[in-house]
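Q: Dropping a structure here in structure tokens format, bear with me for questions.
The values are calculated or read from the model by the stated rules, or taken from the named source; none is laboratory data. Everything numeric in this text was worked out from a predicted model, so none of it was measured. Every residue, glycine as well, gets a Cβ built from its backbone with ideal geometry; the counts of neighbours run over all protein chains shown. Note: areas computed on protein heavy atoms with side chains; ligands, DNA, RNA excluded. Shrake-Rupley method; radii C 1.70, N 1.55, O 1.52, S 1.80 Å.
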Amino acid sequence: MIEKPMIIQELEEIQDTALEALKKIENEEALQNWRRDILGRSSAVMSVFSNISQHPKELRPLIGQVANQVKQTLETALLDRSEIVKEAAILQKLQDEKLDVTLPGRRPVTGRYHPVSTVLRRIYAIFADMGFQVHRSRDVESDLFNFELLNIPAYHPARDMWDTFYVEGEGVVLKTHTSPGQIYAMRKNAPKPTRAILPGMCYRYEQISARSEIQFNQLEVIAVGKNITFGDMKGTLNGFVRRLFDKDVRTRLRPSYFPFTEPSAEMDVECFVCGGKGCSVCKGSGWLEIMGCGMMHPVVLQNGGYDPTIYSGFAAGMGPERISMLLHKIEDIRYFWGNDIRFLEQFR
Amino acid sequence: MLLPLSWLKDYIDINLPLQELARVLTMVGLEVDGIQVVGLPLPSEDEKHEFKFEGLHWPADKFVVAQIDEVMPHPDADRLTLCRLNDGSGELIVLTGAPNLFPYKGKGPLTPSIKVAYAREGAVLYDGHKPGFVLTKLKRAKIRGIDSFSMVCSEKELGISEEHEGIIILDMEAPTGMPLVDYMGDAVFEISILPNMIRDASVVGIARELSAATGRALKIPVRQVPSSGPDITGNAFVEIRDPALNPRFALGLIKSVEPKESPYWVQRRLRLAGMRPINAIVDSTNYVMLETGEPLHAFDYDILVKRAGGKAPTIITRAATEGELLTTLDNVERKLDSNTILVTDTAGPLSLAGVMGGLESEITPETRNILLEGASWNFINVRKTSTRLHLNSEAGYRFSRGVHPALATWAIDLCLERMQQWGGGTIYQGLIDNYPQPPVDPEIKLTVADVKRKLGIEIPPQQMAEILTRLEFECQIKEDFIIAKTPPLRLDIGTDEIGKADLIEEIARIYSYNNLPETDLADDLPPQRNNASLELEEKIKDILVSLGLQEVNTYRLTSIERENRLFPKDLAPDLQPYVRLKNPSAPERAVMRRSLLSSVLEILEKNSRLRDRLAFFEIAPIFLPVQGELLPNEPRRLAIAMTGKVENTAWDLPESRLMNFFDMKGILESLLQALHLDQVVYEPATNNSMHPGKCAQIKIGEQIVGLFGELHPKVKENYDFLTPAVLVAELDLETLIALIPARFESISVPVFPPVLEDIAIIIDEEIPSDRVEALIRQTGGKLVTDVRLFDVFRSEQIGQGKKSLAYSMTYQPQDHTMGATESTALRNKIVKRLERDLGARLRG
């Protein structure tokens, strides 16, 4: 039996010592040092390969074999240890990076729409689904379009219904309602049918208060065709109201008077805040007055370019600010043009 | 219109609960705004009620009719009396200070006894001595040594009116011991009368609507004319100058009537209906006006005779002459114009027709003989007169909306009868009736198809006729149509197509809107078109909101002074044409704005102390008068105003940079880019509102679309801002929208890698940076797809009047990979061009 050469013993010792040392290594830097010392070019193990010629020829294969084994063992151990060290390092890093997640976030600046724009868009969208398109018209209007063509001649008692702002010059007013737009929209379409919504700013000489403004938006809905009935008006407006407020909301119509419609009605919606029991929003009545409406008056149809013996139509008008006030329980109509940032910011 | 329930019940048997009655009234178009209970029970708190209820309930065991049999002096107090009173359950002594019992004091037992409203111990009523209506409970107390635990009541204490001068003295017939609520408990409905339903500003009118809605019979009051008495003929004459102004003028005559107090029930009704009782003569005219809707006027006949020199007077109606004078019965001398219709006699004006009587011929306590006028007037003239003179009377209210002439004689007859019942006297036989222009009461043919076309439901002719007959139309029923003749009591029914619409409304109203079917629109869909102008406006809003701006909506009415704040004080323009109001509600809202920026800036100022970052925009019209045109131009503008910090601060980012010119420019660049507008040029510009060195205009092609910059320090002084810089922009939205391309084409994602290269050059300070960028792009052509300035640098080393600009360029060939030789060549070409054209020097 050939005696174990010295060098093999030494290699085995180096291996044991190195593995022992490796087990204690906890970080990447020490790991690299260990690699340099144990497996580097000038390390004891590696020098066995370069000095192999110093050993007797017959022992060289054995020495080479053992040295290779040692090298492989150490390399494998290094890889394993490296995995462990990396994992530990990640865990440590995660630990060190822990945040107080309850600290407030950094908010980017955000823009917002004015609440009137928001409610108008909602109304546009609902009517668009029913084939109604938006027509807009001017603010400073002639007496002819604001009154005369709408069946409101001068000194008609109905003129009391609007406290009008008159503009310097003859027969010019700030439009008191969006109804002049009816004539424009009908004349554009007649004799083809019309389905239009007419939003716009209106003006009335009022004492400004929490309930009334001198300037306010109005939105009218008109449909004209050969087969349009009061029933269609009910169906269309009820459909709108159910989409706007609540799918089960109850409505009622009660007679009213507008010079440009006949029959005329007011539509009330059962108060969606209290469900009709009576609350501060509906002032105890259980009903919310939501819009005026009616079948288009023959004179208005005629002025719009439709033969009233063949065509019929309906019109309805509502106040977007009022709807916004009801939807969001806004207490004071002056907030809309006041534009206090503390009000506007709530409409995110 | 205030409608006492008890009065209504004179003309229709109706026994609905108050709330149900209010609902029926509302559903026929007589909207009930509130119900004032006067004795009747109020609905309980938890009962759902749709109407506003107010008032006092008189429980039957606490309030009764009682009789005072003797009024005795109080032993210790002159101003108090002791009443021996019987409340039906026995005799007791009640203490009172009512002055209207003093005449009976110490007169011994009274025959007949005085009937009063008596409240027992524990009754809750209004405190007569406190202002307003404050509830109090009757408790046992000793007043001046006499036990007091109950009281005889005034109207105020019972909630009938504000009257507290004395106690109520009931009519003699009132049954002692009857609960007061049964004797005169009432409720007053406050009803809004629609402009086309002026016929219902009357108790009979409302009863007629209720009759139509419920099917209960209507009992119309008619005077029982006696067969004998003196004849009116020859006692007065009438001359109508213009029948268009005065279609009918009728007179009745009653002599020896006494202007004494009306019976208590009449006074109470008038008070509940909102009128002040005066005497039997005046009360009867007011009563009949409220009853029938026809305003009447009573003249003192003797004064007319005197004015006519002792002869029978001749009444002449005519238009007033310009500047003619009349003193009305409110003792104001009125200067008239030719729109006013006058009732005159041979001696001159007597009254403003349909509006107000004259002072001279008014009823006085000495009046005994009455000439009673019932007439009808052109509503437009009445309206012009009451508007011009600011005279609001009950007569003017009705006549200015149109009263049917047929009502005149009916009302005169009723009034003469009432006047005689309440004030005595002799009614003369017949009326003097001048009726030159009876209106045509339209007769309308209405088919089942007409109704179906408008209402979407077939109503048989019988049912249509039934509804209209209840409203007093005379109807002929045919196979599939009716012919309906308008009753002579309303002027709101037209002819032909309008008349049909009017009748359809009447049918729908009584049939009830809520019984009509609900259907889906089945008519042809109109041609569908886009509203590009609105859609682009909304898109611009979306972009601005996404860029962190807050939308505002401002007043379009402003004042010139407010708009002039936008200019330095010494440079404010003074002669710009404005759309001006004739009747502004306030000086600060007297004109339509010419500047949207001015409106938005006001809002920025208002919020300047509330937040440290503010960025507002609005899209809305401005108003520019056009020479020779009736109506102004109303172009839309976009205004932006910003100030303060760039971003929100946070706990770990306590500081933020303040916004400057380039934050505004960046927003505008992003906006225009998002709208796919290229070829945008920013040029230095000047404007009186802007900092001269920090102002630019935006040009797209040849069009100037807007201006932006930092507010001029002198302008900023006009506002309350704490921040150093206020950035503003105003864009012409109409021009901008017209330039936005309808669509854009995308570019394919490049297959070959881009080459990125930076260059830094030194050039003269005066050369604007956009020329450098433009030159790089021009030189590089299609290969250069992006040029971005990433640094601007100045230093002594670079030299006075010089700046260094550093650009990052992207070369992007479309069909090959760019090699080093090619990119170097391109770079050299660009550098050479910059050196040659701009005198640039490459920075080492």
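Q: Just name the residue that is surrounded by the most Cβ atoms within 10 Å (Cβ to Cβ) out of those in segment B:85-127 that are of a type in the set (D, E) and touching a Ser or Thr at 6+ places or on another chain (Cβ under 8 Å).
A: Let us first name the residues in segment B:85-127 that are of a type in the set (D, E), namely B:87, B:91, B:121, B:127.
The next check asks that each one be touching a Ser or Thr at 6+ places or on another chain (Cβ under 8 Å); those that pass are B:87, B:121, B:127.
Numbers: B:D87: 20, B:E121: 13, B:D127: 15.
Going through the qualifying residues, I end up with B:D87.
Q: Here's a follow-up. Mind telling me which of the residues A:E20, A:E58 ends up being part of a loop (DSSP other than H, G, I, E, B), of a type in the set (D, E, K, R) and loosely packed, with under 11 Cβ neighbours inside 10 Å?
A: A:E58
Q: A further question on this structure: For segment A:155-165, which residues satisfy the criterion of being assigned to a loop (DSSP other than H, G, I, E, B), farther than 17 Å from A:V300 by Cβ and over 43 Å from the mean Cα position of the chain (by Cα)?
A: Correct list: A:Y155 only.
Q: Just to check your reading of the model, which residue among B:E773, B:E796, B:E766 is charged (D, E, K, R), assigned to a loop (DSSP other than H, G, I, E, B) and closer than 23 Å to B:K694 by Cβ? Before the answer, list the steps.
A: Numbers: B:E773 fails: assigned to a loop (DSSP other than H, G, I, E, B); B:E796 fails: closer than 23 Å to B:K694 by Cβ.
Testing whether each residue is charged (D, E, K, R), assigned to a loop (DSSP other than H, G, I, E, B) and closer than 23 Å to B:K694 by Cβ leaves just B:E766.
Q: Taking B:A117 as the residue in question, decide whether it is in a loop (DSSP other than H, G, I, E, B), touching a helix residue (DSSP H, G or I) at 6+ places or on another chain (Cβ under 8 Å) and at pLDDT 90 or above.
A: no
Quick grid of which residues meet (1) basic (K, R); (2) outside the structural domain of B:F616 (by TED's automatic domain parsing); (3) surrounded by 14 or more Cβ atoms within 10 Å (Cβ to Cβ):
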| position | (1), (2), (3) |
| --- | --- |
| B:S670 | no, no, yes |
| B:F721 | no, no, yes |
| B:S746 | no, yes, no |
| B:V772 | no, yes, yes |
| B:L775 | no, yes, yes |
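Q: Condition first: outside any loop (DSSP other than H, G, I, E, B) and of a type in the set (S, T, Y). Can you find one or more residues in segment B:215-235 that meet it?
A: No - not one qualifying residue is present in segment B:215-235.
Q: So, one more: Out of all the residues in segment B:471-514, which are more than 10 Å from chain A (Cβ to nearest Cβ) and without any contact (Cβ under 8 Å) to a residue 40 or more places away in the chain?
A: Hits for segment B:471-514 are B:F473, B:E474, B:C475, B:Q476, B:I477, B:K478, B:E479, B:D480, B:F481, B:I482.
Q: If you scan segment A:1-17, which residues turn out to be in a helix (DSSP H, G or I) and either open to solvent by less than 100 Å² (accessible area, probe 1.4 Å) or touching a residue at least 40 places away in the same chain (Cβ under 8 Å) (or both)?
A: Scanning segment A:1-17 gives A:I7, A:I8, A:Q9, A:E10, A:L11, A:E12, A:I14, A:Q15, A:D16, A:T17.
Q: Does segment A:178-190 include one or more residues that are at the interface with chain B (Cβ under 8 Å from one of its Cβ atoms) and either on the phi > 0 side of the Ramachandran plot or over 32 Å from the mean Cα position of the chain (by Cα) (or both)? Reasoning before the result, please.
A: Filtering segment A:178-190 for residues at the interface with chain B (Cβ under 8 Å from one of its Cβ atoms) gives A:189.
Remaining after also requiring either on the phi > 0 side of the Ramachandran plot or over 32 Å from the mean Cα position of the chain (by Cα) (or both): A:189.
Taking every residue of segment A:178-190 in turn, at least one turns out to be at the interface with chain B (Cβ under 8 Å from one of its Cβ atoms) and either on the phi > 0 side of the Ramachandran plot or over 32 Å from the mean Cα position of the chain (by Cα) (or both).
Q: Do we find a residue being part of a helix (DSSP H, G or I) and either without any contact (Cβ under 8 Å) to a residue 24 or more places away in the chain or in the same structural domain as A:G304 (by TED's automatic domain parsing) (or both) anywhere in segment A:194-211? Spell out how you get there, then give the answer.
A: As a first pass, look at segment A:194-211 and keep what is part of a helix (DSSP H, G or I): none.
No, every residue in segment A:194-211 fails to be part of a helix (DSSP H, G or I) and either without any contact (Cβ under 8 Å) to a residue 24 or more places away in the chain or in the same structural domain as A:G304 (by TED's automatic domain parsing) (or both).
Q: Also, I was wondering about something else. Restricting to segment B:96-114, name every residue that is modelled with pLDDT of 90 or more and β-branched (V, I, T).
A: Answer for segment B:96-114, where residues must be modelled with pLDDT of 90 or more and β-branched (V, I, T): B:T96, B:I114.
Q: Same structure again: So in segment A:144-167, with the set limited to residues that are among the hydroxyl-bearing types (S, T, Y) and closer than 25 Å to B:R556 by Cα, which one is surrounded by the most Cβ atoms within 10 Å (Cβ to Cβ)?
A: Ranking the qualifying residues of segment A:144-167, first place goes to A:T164.
Q: If I filter segment B:528-544 down to residues being within 7 Å of chain A (Cβ to nearest Cβ) and under 17 Å from B:L736 (Cβ atoms), which single residue comes out as farthest from the chain's Cα centre (by Cα)?
A: B:L544
Q: Next question. Just to be sure I understand, how many residues within segment B:285-324 are touching a residue at least 12 places away in the same chain (Cβ under 8 Å), on the phi < 0 side of the Ramachandran plot and outside any helix (DSSP H, G or I)? Steps first, please.
A: Within segment B:285-324, the subset touching a residue at least 12 places away in the same chain (Cβ under 8 Å) is B:285-304, B:307-308, B:312-324.
Still in the running and on the phi < 0 side of the Ramachandran plot: B:285-292, B:294-304, B:307-308, B:312-322, B:324.
Filter again for outside any helix (DSSP H, G or I), leaving B:294-300, B:308, B:312-322, B:324.
Summing the residues that are touching a residue at least 12 places away in the same chain (Cβ under 8 Å), on the phi < 0 side of the Ramachandran plot and outside any helix (DSSP H, G or I) in segment B:285-324 gives 20.
Q: Looking at segment B:86-107, I want the residues that are farther than 18 Å from B:F63 by Cβ and have a partner that is β-branched (V, I, T) and at pLDDT 90 or above with Cβ atoms under 6 Å, at least 6 apart or on another chain. Which pairs are those?
A: Within 6 Å, the pairs are B:L101/B:V71; B:L101/B:T81; B:Y104/B:V71; B:K105/B:V71; B:K105/B:T81.
Q: Working carefully through the options B:A273, B:A280, find the one that is over 19 Å from B:S400 (Cβ atoms) and surrounded by fewer than 21 Cβ atoms within 10 Å (Cβ to Cβ). Even if it seems obvious, please write down each step before you answer.
A: Values: B:A280 fails: surrounded by fewer than 21 Cβ atoms within 10 Å (Cβ to Cβ).
That would be B:A273, the only listed residue that is over 19 Å from B:S400 (Cβ atoms) and surrounded by fewer than 21 Cβ atoms within 10 Å (Cβ to Cβ).
Q: If A:R252 satisfies every condition in (1) within 11 Å of another protein chain (Cβ to nearest Cβ); (2) surrounded by fewer than 19 Cβ atoms within 10 Å (Cβ to Cβ); (3) out of contact with any Phe, Trp or Tyr (no Cβ under 9 Å at 6 or more places or on another chain); (4) modelled with pLDDT of 80 or more but one, which is the exception?
A: For A:R252, the failing item is (3).
Q: Can you name every residue in segment B:798-822 that is closer than 16 Å to B:A760 by Cα and in contact with a Leu (Cβ under 9 Å, 6 or more places away or on another chain)?
A: Residues of segment B:798-822 closer than 16 Å to B:A760 by Cα: B:798-799, B:802-810.
Those that are closer than 16 Å to B:A760 by Cα and in contact with a Leu (Cβ under 9 Å, 6 or more places away or on another chain): B:L805, B:A806, B:Y807, B:S808, B:M809, B:T810.
Q: Going through A:E141, A:E97 one at a time, which residue ends up being open to solvent by less than 10 Å² (accessible area, probe 1.4 Å) and either more than 10 Å from chain B (Cβ to nearest Cβ) or within 30 Å of B:P527 (Cα to Cα) (or both)?
A: Answer to the check: A:E141.
Q: Do you know which of the residues in segment A:330-346 that are of a type in the set (D, E) and more than 13 Å from B:V552 (Cα to Cα) is farthest from the other protein chains (Cβ to nearest Cβ)?
A: It comes out as A:E331.
Q: Of everything in segment B:603-635, what is in a strand (DSSP E or B) and more than 10 Å from chain A (Cβ to nearest Cβ)? Give them in sequence order.
A: Listed by number, the list holds a single entry, B:L624.
Q: Hey, another quick one. Restricting to segment A:30-42, count the residues that are at pLDDT below 90 and open to solvent by 100 Å² or more (accessible area, probe 1.4 Å).
A: 2
Q: Working only within segment B:636-668, note down all residues that are open to solvent by less than 30 Å² (accessible area, probe 1.4 Å), without any contact (Cβ under 8 Å) to a residue 40 or more places away in the chain and part of a strand (DSSP E or B).
A: B:A650
Residue-wise test of (1) within 25 Å of A:M291 (Cβ to Cβ); (2) part of a helix (DSSP H, G or I).
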| site | (1), (2) |
| --- | --- |
| A:V70 | no, yes |
| A:E75 | no, yes |
| A:V85 | no, yes |
| A:I90 | no, yes |
| A:L99 | no, no |
| A:F145 | yes, yes |
| A:L149 | yes, yes |
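Q: Continuing with the same structure: Looking at segment B:340-448, what helices (runs of 4 or more DSSP H) fall wholly within it and have at least 3 residues that are more than 30 Å from B:K500 (Cβ to Cβ) and polar (S, T, N, Q)?
A: Here the list reads B:379-388, B:407-423.
Q: Evaluate the following for B:D764: is it over 30 Å from B:A820 (Cβ atoms), out of contact with any Cys (no Cβ under 6 Å at 6 or more places or on another chain) and either of a type in the set (A, V, I, L, M, F, W, C) or open to solvent by 60 Å² or more (accessible area, probe 1.4 Å) (or both)?
A: When the stated conditions are applied, B:D764 passes them.
Q: Which ones in segment B:438-454 are free of Cβ contacts under 8 Å to residues at least 24 places away in the same chain and in contact with a Leu (Cβ under 6 Å, 6 or more places away or on another chain)?
A: none
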